[in-house]
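Chemist: Next up is a structure, given as structure tokens.
The values are calculated or read from the model by the stated rules, or taken from the named source; none is laboratory data. The shown structure was predicted, so the numbers you read here are calculated from the model rather than taken from an experiment. Here the Cβ positions follow ideal geometry from the backbone for every residue, glycine too, while neighbour counts run over all protein chains shown. Side chains included, ligands, DNA and RNA excluded: accessible areas come from the protein's heavy atoms. Shrake-Rupley method; radii C 1.70, N 1.55, O 1.52, S 1.80 Å.
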Amino acid sequence: MANRTVKEAKNVHGTNPQYLIEKIIRSRIYDSKYWKEQCFALTAELLVDKAMELRFVGGVYGGNIRPTQFLCLTLKMLQIQPEKDIVVEFIKNEEFKYVRALGAFYLRLTGAAIDCYKYLEPLYIDNRKLRRQNRAGQFEIVYMDEYIDELLRNDRVCDIILPRIQKRSILEENNELEPKVSVLDEDLDDEVASEDEAKDAEDKDSNRQKNSSTSAVRRPRRGRSKSKSRSRERDRDRRNAGSGNARSRDYYDDLEEYDRQRNRVRHRDTQNNSSNGYNDDYERRNSGRNENRPDRERERDRRDRDRDRERERDRHGERERDRERDRERDRGNRYEHRERDSRNERERRRY
């Protein structure tokens, strides 16, 4: 008897109001401790006190499908079927946010489409936080306007399948609802007006600057300097040469090799000239001294000069060997680059 719908209750959506909740969830609610102890013999007046004690919203949780207090009170409202004025007062209650959430959920289950849009859409301006218990038994934060939007758009809220309602556009076409007016339109109008005023001010400033510039005496423009024009011409010729007369990679490699060989030859000549000049100066400087020295000292100086020349030749030979090794290494690297380029070209043609 305690789980039956009252006799005076009317069918909702063509069925018993309690049948709007699935049978398995309804049976779990009947077996819960909160339903047996707190929801027994509740009336519409006493239901308000229980609703004010709510601290979170939610459906069922846990592996054994345990219902929340919010869902138990929803089933109790479906069972006793309070009057529409009481439900509207639940929704208009601004002090207790969970009472408002309970009334909105009950109205979405039992109310017509026009009543849902009429009483629930004004709640979009309520941005208070709600605690919601998910299926795993953990709590999460959801805002009131987000909760109302889920009631109007989603098919399942708090693990309960919501009845289908007509779309707002259809009701507007049938002149059953007035077109929706967003609260943000006024703010947008204010922003547009402020933007228009800012544009008008900018136009006035620009016109004032134009008038002042036309009234002022213009100075003759200075001619371009020759250095800038020559540098720009050189850059232009360089770009044209790079774009029109594109050379192959082998050409540039040969050119670099030629420059490298020429620099080596120049360096070798300068070293030879410096060594010969050093030897000539040494002989010229010591020629006067050698005339007066004995033969033994002159022989010793000659041996020193020969030893220095041999050392210089050895150093020169080492330098030549180093240059030859560098030259061979450069040839090997260039060959590897060419081989890699040809291999990449073959792969590209193949694919």
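Chemist: Please name all residue pairs, on different chains or six or more residues apart, with Cβ atoms under 7 Å, provided the first residue is in region 289-313 and is at pLDDT below 80 and the second residue is open to solvent by less than 70 Å² (accessible area, probe 1.4 Å) and polar (S, T, N, Q).
Modeler: As it stands, the answer is Arg298/Asn290, since those pairs meet every condition given.
Chemist: Which pairs have Cβ atoms under 8 Å, sit 6 or more apart or on different chains, and link a residue in region 59-74 that is on the phi > 0 side of the Ramachandran plot and among the small types (Gly, Ala, Ser) to one that is surrounded by fewer than 18 Cβ atoms within 10 Å (Cβ to Cβ) and at pLDDT below 95?
Modeler: Going by the 8 Å Cβ cut-off, the qualifying pairs are Gly62/Gly137.
Chemist: Also, quick follow-up: Just checking, which of Ile160, Ile148, Ile141, Ile91 is at pLDDT 90 or above, under 16 Å from Val12 (Cβ atoms) and aliphatic (A, V, I, L, M)? First the steps, then the outcome.
Modeler: Working: Ile148 fails: under 16 Å from Val12 (Cβ atoms); Ile141 fails: under 16 Å from Val12 (Cβ atoms); Ile91 fails: under 16 Å from Val12 (Cβ atoms).
Going through Ile160, Ile148, Ile141, Ile91 in turn, just one is at pLDDT 90 or above, under 16 Å from Val12 (Cβ atoms) and aliphatic (A, V, I, L, M): Ile160.
Chemist: From the list Asn240, Asn245, which one is out of contact with any His (no Cβ under 9 Å at 6 or more places or on another chain) and either modelled with pLDDT of 60 or more or surrounded by 10 or more Cβ atoms within 10 Å (Cβ to Cβ) (or both)?
Modeler: Just one listed residue meets the conditions, Asn240.
Chemist: Name the residues in region 48-81 that are aliphatic (A, V, I, L, M) and more than 49 Å from the chain's Cα centre (by Cα), would you? Write out each step before concluding.
Modeler: Filtering region 48-81 down to residues aliphatic (A, V, I, L, M) leaves 48, 51-52, 54, 57, 60, 65, 71, 73, 75, 77-78, 80.
Within region 48-81, just Ile80 meets the criteria.
Chemist: For region 1-36, give me each residue that is closer than 25 Å to Gln138 by Cβ and without any contact (Cβ under 8 Å) to a residue 24 or more places away in the chain.
Modeler: Pass one, region 1-36, residues closer than 25 Å to Gln138 by Cβ: 21-22, 24-29, 31-35.
Selection gives Ser27, Asp31, Lys33.
Chemist: Give me a count of the residues in region 1-20 that are in a loop (DSSP other than H, G, I, E, B), β-branched (Val, Ile, Thr) and farther than 19 Å from Pro67 by Cβ. It would help to see each step written out before you state the result.
Modeler: First, the residues of region 1-20 that are in a loop (DSSP other than H, G, I, E, B): 1-11, 13-14, 16.
Filter once more, so that each one left must be β-branched (Val, Ile, Thr): 5-6.
Filter once more, keeping what is farther than 19 Å from Pro67 by Cβ: 6.
Total meeting the criteria: 1.
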